[in-house]
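The values are calculated or read from the model by the stated rules, or taken from the named source; none is laboratory data. As the structure is a prediction and not an experimental result, all values here were calculated from the model. Every residue, glycine as well, gets a Cβ built from its backbone with ideal geometry; the counts of neighbours run over all protein chains shown.
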Amino acid sequence: MIRNIIFDIGNVLTDFRWRDFLRDKGFSEEMIARIAKASVQNVLWRELDRGVWSWEKLMQAFIAEDPEIADELHRAFDNMQDIVTIREYAIPWVKELKSKGYRVWYLSNFSQKIEIECEGALAFRKDMDGGILSYQDQLIKPDAAIYQLLLKRYDLAAQESVFLDDTAENIEAAERLGIHGIVFQNKEQATEELVRLLQR
């Protein structure tokens, strides 16, 4: 029986809208591509979520990828308000699941900087039972350790839990530990799969 529903955050309960965020700051499409290559689409971005490096060290690493756009990188990311925004269904969905007796958790690769600067995007957390943002424990998905930590910290049974994430690799990692998984594509698809699973 499923008792625990675990949500990823980015592109599940929120939009990680980095392209529109950079457009909002007035960057051309060509510059957006350069900024992204040095940052958001670079493996270095994972270190933002891991929470080991300081913001200053990470920014210098981004700049080292493309030194000519140092000023643009600072203008892009020194303030990241609205790079993540809440989806309108997030709070109602969480409340609906809670009203049906399920415990609801979050497990997300997420940085402290974005948590602070996009606080409103995480408003659904007040209705959840708890969870982990990766930077807090310096672990990131799909490392098995972050799933094991969530299970241990909240005394959850893997077989009683289902995880929704938009990245197949992260779902596969959860399933290897016995957690049920749903690869999130959109709310309608995920809800249908979740209902089938909960009815077993």
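Quick notes on this structure:
- Criterion applied to Ser134, Ser108 was being closer than 18 Å to Glu175 by Cα and polar (S, T, N, Q), and the one residue passing it is Ser108.
- Residue count for region 184-199, restricted to those that are assigned to a loop (DSSP other than H, G, I, E, B) and in contact (Cβ under 8 Å) with a residue 40 or more places away in the chain: 1.
- Per-region count, region 12-62, residues over 18 Å from the mean Cα position of the chain (by Cα), loosely packed, with under 13 Cβ neighbours inside 10 Å and within 21 Å of Ser134 (Cβ to Cβ): 3
- So Phe124, is it under 15 Å from Phe16 (Cα atoms) and either outside any loop (DSSP other than H, G, I, E, B) or at pLDDT 95 or above (or both): no
- Test for Met1: is it touching an Asp or Glu at 6+ places or on another chain (Cβ under 7 Å) and part of a helix (DSSP H, G or I): no
- Selection within region 23-37 - of a type outside the set (Gly, Ala, Ser), out of contact with any helix residue (DSSP H, G or I) (no Cβ under 9 Å at 6 or more places or on another chain) and over 17 Å from Asp82 (Cα atoms): Glu30
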